[in-house]
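Beneath this line is the structure, given in structure tokens, with notes to follow.
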Amino acid sequence: MTAVDDTPADSRPDATAPHDAATPGDAAAPGDAAAPGDAAAPGDAAVPGDATSTEETSTAADRNVLTVRGLTVGVRTQVLVNDVDLTVGPGERVGLIGESGSGKSLTALSILGLLPEDVSATGSIRLAGIDHDLIGARERRMSRIRGRHLAMVFQEPMTALNPTMRIADQIAEAMLIHRTHRNRRAARTAAVELLERVQLQGTDRAYPHQLSGGQRQRVVLAIALANDPALLICDEPTTALDVTVQAMVLDLILRGVAARESALLFITHDLAVVATVCQRVLVMYGGRVVESGPVTEVFTRPRHRYTQGLLAASDLESADSGPLAGSAVVDGDRPRLPTIPGNVPPAGQFPDGCVFRTRCTHATNICATTPAWTGTSAQGFACHHPAGAPDA
């Protein structure tokens, strides 16, 4: 165990990207200029049919930390994520919600360039400060972006941490690989300070197995924030934690991004967490974004029928206080919590047209055609029979 601490940082895998297949030396090779053909992908052009001019689109994209356009992810002939557009502005906190299998994590992995080898992505992903498209970028270039400009907090910290390294060394390694500190001593000092900020004083020489789940998640957060990334992506970071530890981790995430003026993309199933943490929310189902807008607007006046169903199924307060419209009464006075009919179809097997139509009680024949997006890129929905419409 002690010998591990003496291993040069440049010879170990990048702790900020535990699933990164790049060789360690690729992290920040000096003089590594862009290779011919490594420029932005063709999909980086303006979307056909967009009324906005290319120049205006480019200007709007430049104002965002993250701009995703037409992201489609698939395996051979199966489409798993279909034509996803999303943006995250400077300092903005955006939530991404939906049932398991909706494509949330695949979207995040596409942004990070961590998709499995047999899964391909097309479209355009642009990150502020990076002069090339992330789609199609070579691993050498992505390894310099992950952990420096872009970082992620994964759901399971034990798969993101090196079990043979002390935690302070793992945080320091992230800084040394990206050369944000001049030497090992400075990086180590900064790592100890980061541990104190996430309330893990005195744990710098501990190994991951010696910490609790909540403590390990805070270590992963410290690694993610070590190099002050422009964008932090959190994929269900509090799912396995109890309520009190969850509140602490969420508070640390908010403080961390606020102190660095970083943007946040927060993936979760917990609508209460989105209401607490995020300013804007995107709802995904069947690999598509079906609704987006400010959290208050979407949660109080949902337009897509899937969003409406999610909110109704999460309305514990109404279930305790009295009958809900359309809910079944149990034991004479207390209603059963409403549920969305049916189950999420297997990945790649969603219906044509509106992906929610096989579970929607409002579906008609027109739902066999894909609904157009109604609204703006920041706020809108895609539904033939939206809630709140005159004929709803």
Discussion item. Looking at ARG166 and the list (1) surrounded by fewer than 20 Cβ atoms within 10 Å (Cβ to Cβ); (2) outside the structural domain of ARG69 (by the TED database), which single condition is not satisfied?
Written reply: (1)
Discussion item. Given the options LEU134, LEU114, name the one that is over 13 Å from the mean Cα position of the chain (by Cα), in a loop (DSSP other than H, G, I, E, B) and of a type outside the set (Asp, Glu).
Written reply: LEU134
Item to complete: Would you mind stating whether PRO237 is closer than 23 Å to ARG63 by Cβ and of a type outside the set (Phe, Trp, Tyr)?
Response: no
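Here's the yes/no breakdown for (1) surrounded by fewer than 22 Cβ atoms within 10 Å (Cβ to Cβ); (2) assigned to a strand (DSSP E or B); (3) at pLDDT 95 or above; (4) in the same structural domain as PRO237 (by the TED database):
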site	(1), (2), (3), (4)
ALA272	yes, no, no, yes
THR276	yes, no, no, yes
LEU282	no, yes, yes, yes
VAL290	no, yes, yes, yes
PHE299	yes, no, yes, yes
PRO302	no, no, yes, yes
SER327	yes, no, no, no
ILE340	yes, no, no, no
Worksheet item: Within region 107-132, can you find the residues that are more than 24 Å from ARG260 (Cα to Cα), surrounded by fewer than 20 Cβ atoms within 10 Å (Cβ to Cβ) and in contact (Cβ under 8 Å) with a residue 40 or more places away in the chain?
Response: LEU114, LEU115, ASP118, VAL119, SER120, THR122
Discussion item. Here is a check on your reading of the model: is GLY332 on the phi > 0 side of the Ramachandran plot, touching a strand residue (DSSP E or B) at 6+ places or on another chain (Cβ under 9 Å) and modelled with pLDDT under 95?
Written reply: no
Worksheet item: Within the bounds of region 191-207, is there any residue that is under 13 Å from ALA168 (Cα atoms) and among the polar types (S, T, N, Q)?
Response: yes
Worksheet item: Condition test on MET152, is it outside any loop (DSSP other than H, G, I, E, B), buried (at least 18 other Cβ atoms within 10 Å of the Cβ) and in contact with an Asp or Glu (Cβ under 8 Å, 6 or more places away or on another chain)?
Response: yes
Item to complete: Report, by residue number, each residue of region 76-101 that is in a loop (DSSP other than H, G, I, E, B) and either within 20 Å of ALA378 (Cβ to Cβ) or modelled with pLDDT of 95 or more (or both).
Response: GLY89, PRO90, GLY91, GLU92, GLY98
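The values are calculated or read from the model by the stated rules, or taken from the named source; none is laboratory data. All values reported here derive from a predicted model rather than from experimental measurement. When we count neighbours, we look across all protein chains shown, and the Cβ atoms used for this are built from the backbone with ideal geometry, even at glycine.
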